[in-house]
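Please treat every number below as a calculation from the coordinates, not as lab data. Everything quoted here is computed from the prediction, not taken from an experiment. Cβ atoms come from the backbone with ideal geometry, glycine included; neighbour counts cover every protein chain shown.
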Amino acid sequence: MYDFAYHKPSSVADAVKLLAADPDAKAVSGGHTLLPALKHRLNKPSSLVDLSGIAEMRGVRREGNALIIGALTRHHEVANSEEVKSAIPALAYMAQHIGDQQVRNRGTLGGSVSNNDPAADYPAAVLGLGATIHTSKRKIAADDFFLGMFTTALEHDEILVAVEFPIPEKAGYAKMRNPASRYVMAGAFVSKGPKGVRVAINGAAACVFRQSEMEAALSSNWSADAVAGIKQPADDLNSDIHGSAEYRAHLVTVMAKRAVAAAG
Amino acid sequence: MNVVTPFEGIGASVKRKEDLRFLSGRGQYTDDINRPGQAHAYILRSPHAHARIKGVDTAAAAAMPGVAAIYTSADLAAIGGIPCGWQIHNKDGTPMAEPKHPVLAEGKVRHVGDPVAVVVAETRQQARDAAEHIHVDYEVLPASVTMAQAQAPGAPAVHDDNPSNLCYDWHIGDKAATDAAFAAAAHTVVFETTNNRLVPNAMEPRAAIGDYDTTTGEHTLYTTSQNPHVIRLLMGAFVLQIPESKLRVVAPDVGGGFGSKIYHYAEEAIVTWAAAKLGRPVKWTADRSESFMSDAHGRDHISRAELALDAEGKFLGLRVHTQANMGAYLSTFAPCVPTYLYATLLAGVYSTPAIYAEVKAVFTNTVPVDAYRGAGRPEATYLLERLVDVAAKQTGFDKVELRRRNFIPTDAFPYQTPVALQYDSGDYFSTLEQALETAGWATFEQRRAEAKARGRLRGIGISTYLEACGIAPSAVVGSLGARAGLYEVGTIRVHPTGSVTVLTGTHSHGQGHETTFAQLIADKLGVSIANVDIVHGDTAKIPFGMGTYGSRSLAVGGSAMDKAMDKIIAKGKRIAAHLMEASVEDVEFERGTFRVAGTDKTKSLTDISLAAYVPHNYPIDEIEPGLEETAFYDPKNFTYPGGCHIAEVEIEIETGEVRMVNFTAVDDVGRVINPMIVEGQVQGGVAQGIGQALLEGCVYDSHGQLISASMMDYTMPRADDLAPVSVATHTTLCTHNPLGVKGCGEVGAIGSPPAVINAVVDALRDYDISHVEMPATQEKIWSIIHGKR
């Protein structure tokens, strides 16, 4: 780990100021991706802006037909929130199956979504539910947020403050974990609700994406059988020692099927 | 005074004495030790598999804050290379190729992770910062990454003076007799396989601290070692030329070894040498990434095996050709692993009359390979137990019956195999029947049908294995190329008021010696285990012993203690005879009490020890004061644990995922001292065996970059990858050591991989395959089920 300056602001405004003042600053919340990268010297920020002291970025609340979850809310809190469990059980289920207990006790919604690791869980839920990202300066639709591997629409001095999840009629999540890292090798988050029928695929490609053929099939027939015959093209999918693109393509269909079955 | 205590002797499942320390975070590991004024070393390692070093510029790094020194191979010109502890001879009688293994790379780097330079600085961070400013001018060379590449004509030479990349071409057994057996066979079966390379991954990374006393000239090395005396001998005599009297090696609490901490590593020599050079302690601790590319790896064989059977299924002959990867340099015991710890095991539990095996050891541009839990024996067992299943399938014999038909009969011991070993005892029929019963072998088809209804393929697999451990008779191993003796030593120090300290040359790094050895003392001398302390791991405290590996600590080290206790008892009887005014021949001893036979006259061990240290009324002219005895024990033979492992798996048809659903182990480990510790040892070994079979695989890319270089990509088994492991023992006693013990540390890792793969292949019986290579990953299985290969 290289030396860096450390700041712990107590408001979003102060955090934005700190980030704006230093082009090489990094925001950190749970630190589950950033700290290992720092320890491996793969990242060399001049300063870290620790968001964990910003009270306004915490908590789960219901507003009308949506859940608004603060960016600093930890996976364990989402998994065990009565509000989330009753409104979007698939989201609580997803949070309960991120990493292991230690990860869930530290990792945050905002950290996972802004990092946009292709093998992370949360981006699938955000895209699969058609959520809206609330930042320090604007609101961004999920469809416009995830731009590519580890890349989002967030600007350098823009902080993800909360995510607004519309409450669906049905939603389900299924994933195959990489046997070594236990990150997602291929996953599917499906929903039917105010944002239509959505199928978001994570783990399989460089960035979470919507599987439109499956969405069309589910729109006319919401059933696992409807997606069972749909083959995901293997082109452009990830390939590594644990799963070829072809295997991942197969898993996309299997996980979509399971996600629909879980959604009921 | 006799105190009634719960039985703590041989056979009692007492809780481990060391666990309070370990479980409460109060172990004292090498990295927990900090010496006054200590500096920190960082090792700059090669990023290339094979490259010529055209120059190393350290000037910028030397000017960095906190840097005390930077060393490259030029600074180490006066010290020796890292020695190899075993010399194999080729078929033609010539010695193996033994290229120099420099402490720091000289002229070339030969694997990713090869140490190139050392930075010593005030802090570890500063040392690492400075290392980033060392400029190494590499000319990258093509690499021989696989054994096939290394043996191809014109292959890049790992060592310039050995263009063939061959370390040795060795054989064992009777070729003519084996060929004749094949000529007469009714059936011949061929099986080819790769035994996957593994990364050991002990929980505690390696660490070393060099310390030097400028006033006395004494060196101290604290290191994560399974055998401090071996390190003292190799490093002192061959690398740094330090006399034993001036070199102390301390291996404190060590968090797992599995073989990987047997060897003498470059970092030990570096910190010891640098501490003397700088006149201050120097500490190095590996991070996990360094462990992946600098700890010796395990396994990595490519083999072809052929079995000849007669019409009734009796094995007539076995022919094996194996290539074994040595990596870039010879690690301490690497040459013996695929020879005397492998090919000598190819008889297994079977009475095959003719066996011939050839082994080629090959250098490649990869991390050195050496012994890893089981060391050669898992490779032999896997080859043989898969071959028997393949033979059963091909010939139509039932796989259990085929095994039974070829078992060495229980009344045939001692049994001389055609590959050098003589088994002293065993009962393979009983361990088989007990395992079949426990695993519900007879009712398996019902479970398979039930699983099929759930969309899963269920399979059951068996392995009837044998291993040779308790290493080893010194004269025998010496004749086979060992450059060391493999006896063990124990000192029993009975203190004046009757408590006992045991000094042992073995080393505990997870095995529970502090408990098991104390139980030996409790059983024989009648001293509560609370009053027995086991001292190990410090050459300044213990006599010269050989350490812990090859499941030897109890069979060899425990036997030394037993011999030393015999001496204590013999001396005690003489003292007791004096005190009770009896003839020494009339004094009996049992668990702490000396008694004049046929009388109620007794003396306790404490009475005797007090008399020995306070010799007021004492035959001082005939018996020396004190009650402390040392015994060295050189075993007469290896010990031969064996048994039966049965694995049951389920495969998810849709995804190819393999789940362990049940595992049964019935092992003959000889006399059991602590059943709970044996159960834990077997379960741990089985976990590693399941890891090898289903999960673990070390992967290099075509350039020799280590792809599986972290826990993100290398699949270590987790608890949820395993299944309930039922462990039972069926004992036949070892006939040649005083305790009747055989060893339990490696049986789990040896017996289990073929049982698991046999189960996977059985689960896939409806598909047209005869084998699945390890690790049987989900994509491999999915490809088979979905006709992709």
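Which length gain, in nm to one decimal place, applies between residue A:6 and residue A:105 when the Cα-Cα distance is subtracted from 0.36 nm times their residue separation?
Difference between extended and current length: 33.4 nm.
Can you flag which of B:100/B:175; B:283/B:541; A:195/A:257; B:15/B:246; B:571/B:601; B:399/B:780 are past 29 Å Cα-Cα?
B:100/B:175; B:15/B:246
In whole Å, how far is the Cα centre of the stretch A:124-173 from that of the stretch A:64-109?
Cα centroid of the stretch A:124-173 versus Cα centroid of the stretch A:64-109: 15 Å apart.
What's the local net charge at residue A:142, with K and R +1, D and E -1, over the other residues with C-beta under 12 Å away?
With Lys, Arg at +1 and Asp, Glu at -1, the neighbours total +1.
Using the alpha-carbon centroid of each, what span in Å lies between the stretch B:404-434 and the stretch B:604-633?
45 Å
Order these by the 10 Å Cβ neighbour count, fewest first: B:147, B:203, A:149.
By the 10 Å Cβ count, ascending: B:203, A:149, B:147.
Starting at the first residue of the stretch B:712-722, write each ³J(HN,Hα) from the Karplus equation 6.51 cos²θ - 1.76 cosθ + 1.60 with θ = phi - 60°, in whole Hz, x for Gly and Pro.
5, 10, 9, 8, 6, x, 10, 3, 7, 7, 9
Measure of size requested: the Rg and Dmax of the protein assembly as shown, with Cα atoms as the atom set and Å as the unit; please supply both.
Computed over the Cα atoms of the protein assembly as shown, radius of gyration and Dmax are 31.7, 105 Å.
In the stretch B:432-475, what trypsin sites (Lys or Arg not before Pro) fall in a loop by DSSP, with at most 15 other Cβ atoms inside 10 Å?
Sparse-neighbourhood loop trypsin sites (Lys or Arg not before Pro): B:454.
What spacing in nm lies between the two simple spin-label points modelled at residue B:601 and residue B:479, each 7 Å away from Cα in the Cβ direction?
Result: 5.0 nm between the two label points.
Treating only the Cβ atoms of Lys and Arg (+1) and Asp and Glu (-1) as charged, compute the dipole magnitude of chain A about its Cα centre; round to the nearest 20 debye.
520 debye
Taking a spot 7 Å from the Cα of residue B:540 along the direction of its beta carbon, which residues of the stretch B:195-213 have an amide N less than 12 Å from it?
Under 12 Å, as judged by backbone N against the label point of residue B:540, lie B:211-213 of the stretch B:195-213.
Give the angle, between 0 and 90 degrees and rounded to the nearest 10, that separates the Cα long axis of helix A:245-263 from the longest principal axis of the Cα atoms of chain A.
80 degrees
Let me see the pair-distance distribution of the stretch B:44-183: every alpha carbon pair, 5 Å bin width, integer percents in order.
2, 9, 14, 15, 16, 12, 9, 7, 5, 4, 2, 2, 1, 1, 0
If you line up the Cα atoms of chain A on their principal axes, what length do they span on each, largest first, in Å?
Sorted from largest, the Cα extents of chain A read 54, 45, 31 Å.
According to a simple spin-label model (label point 7 Å from Cα along Cα-to-Cβ), what is the distance in nm between residue B:767 and residue B:89?
According to this spin-label approximation, the distance is 4.8 nm.
Once the Cβ-Cβ distance between residue B:530 and residue B:630 is put in as r, and R0 is 25 Å, what FRET efficiency do you end up with, to the nearest 0.05?
So, using R0 = 25 Å, E works out to roughly 0.60.
What list of ³J(HN,Hα) couplings, whole Hz, do you get for the stretch A:117-129 from phi and the Karplus terms 6.51, -1.76, 1.60, once you set θ to phi - 60° and write x for glycine and proline?
Running phi through 6.51 cos²θ - 1.76 cosθ + 1.60 with θ = phi - 60° gives 5, x, 9, 7, 8, 4, x, 5, 5, 5, 6, x, 9 Hz.
Lys/Arg Cβ at +1, Asp/Glu Cβ at -1, dipole of the protein assembly as shown taken about the Cα centre: which of B:58, A:135, B:178 is farthest positive-ward?
The one lying farthest along the dipole's positive direction is A:135.
In deg cm²/dmol, rounded to 500, what helix-only [θ] at 222 nm does the protein assembly as shown give when every DSSP H run of at least 4 residues adds -39500 (n - 2.57) and the total is split over its residues?
Numbers: 31 runs with 290 residues, N = 1053.
Dividing the helical sum by the residues of the protein assembly as shown leaves -8000 deg cm²/dmol.
So if I place +1 on the C-beta of Lys and Arg and -1 on the C-beta of Asp and Glu, and nothing else carries charge, what would the dipole magnitude of the stretch B:1-142 be about its Cα centre? I want it in debye, nearest 20. It would help to have the intermediate numbers written out before the result.
Details: 15 positive and 16 negative charges, 81 e Å.
Rounded to the nearest 20 debye, it is 400 debye.
For chain B, with only Lys/Arg (+1) and Asp/Glu (-1) charged at the beta-carbon, what is the dipole magnitude about the Cα centre, in debye rounded to 20?
300 debye
Just subtract the alpha-carbon distance of residue B:183 and residue B:21 from 0.36 nm times their residue separation and send over the number in nm, one decimal.
52.2 nm
If I take R0 = 30 Å and measure r between the Cβ atoms of residue B:277 and residue B:34 in this structure, what FRET efficiency does the formula 1/(1 + (r/R0)^6) give, to the nearest 0.05?
0.90
Could you list the trypsin sites (Lys or Arg not before Pro) in the stretch B:57-128 that lie in coil according to DSSP, counting only those with at most 16 other Cβ atoms within 10 Å of their Cβ?
B:91, B:100
Which percent, nearest 5, of DSSP beta bridges in chain B are antiparallel? Please report the intermediate quantities before stating the final value.
Values: 102 of 129 bridges.
DSSP beta bridges in chain B are roughly 80 percent antiparallel.
Binning every alpha carbon pair distance of chain B at 20 Å from zero, what are the percents per bin?
Per 20 Å bin, starting at zero, the Cα-Cα P(r) for chain B comes out as 16, 46, 31, 7, 0 percent.
Compute the signed sum of charges (Lys and Arg +1, Asp and Glu -1) over the other residues within less than 15 Å, Cβ to Cβ, of residue B:346.
-1
Taking only the alpha-carbon atoms of the stretch A:170-263, what semi-axes of the equivalent ellipsoid follow from 5 times the gyration tensor eigenvalues under a square root, in whole Å, largest first?
On the way: eigenvalues 96, 33, 24 Å².
Sorted largest first and rounded, they come to 22, 13, 11 Å.
Which of B:273, B:441 has the fewest other C-beta atoms within 10 Å, and how do the rest follow up to the most? Spell out each step's value before the answer.
Numbers: B:273 25, B:441 17.
Going from least to most buried by this count: B:441, B:273.
Could you tally the net charge around residue B:619, taking each other residue with its Cβ under 12 Å from the Cβ of residue B:619, Lys/Arg +1 and Asp/Glu -1?
For residues surrounding residue B:619, the net value is -2.
If I model a spin label at residue A:151 and residue B:712 as a point 7 Å from the Cα along the Cα→Cβ vector, what separation in nanometres do I get?
1.9 nm
Mind jotting down the distance between the C-alpha centroids of the stretch A:10-56 and the stretch B:130-189, whole Å?
Between the Cα centres of the stretch B:130-189 and the stretch A:10-56 lies a distance of 50 Å.
If you consider only alpha-carbon coordinates, what radius of gyration and Dmax does the stretch B:335-436 have, in Å?
15.3, 49
Just checking the output field for A:177-183: average partner chain Cβ neighbours within 10 Å of each residue's Cβ?
6
Please give the contour-minus-distance gain from residue B:719 to residue B:453: 0.36 nm per residue of separation, less the Cα-Cα distance, rounded to one decimal in nm.
Working it through step by step, the gained length comes to 93.1 nm.
Volume per residue, Å³, of the convex hull around the alpha-carbon atoms of the stretch B:487-633?
106 Å³
Could you calculate the FRET efficiency of residue B:566 with residue B:237 from 1/(1 + (r/R0)^6), where r is the beta carbon distance between them and R0 is 30 Å, rounded to 0.05? Could the numbers behind the result be given before it?
Numbers: r = 33 Å, r/R0 = 1.10.
Once rounded, the FRET efficiency stands at 0.35.
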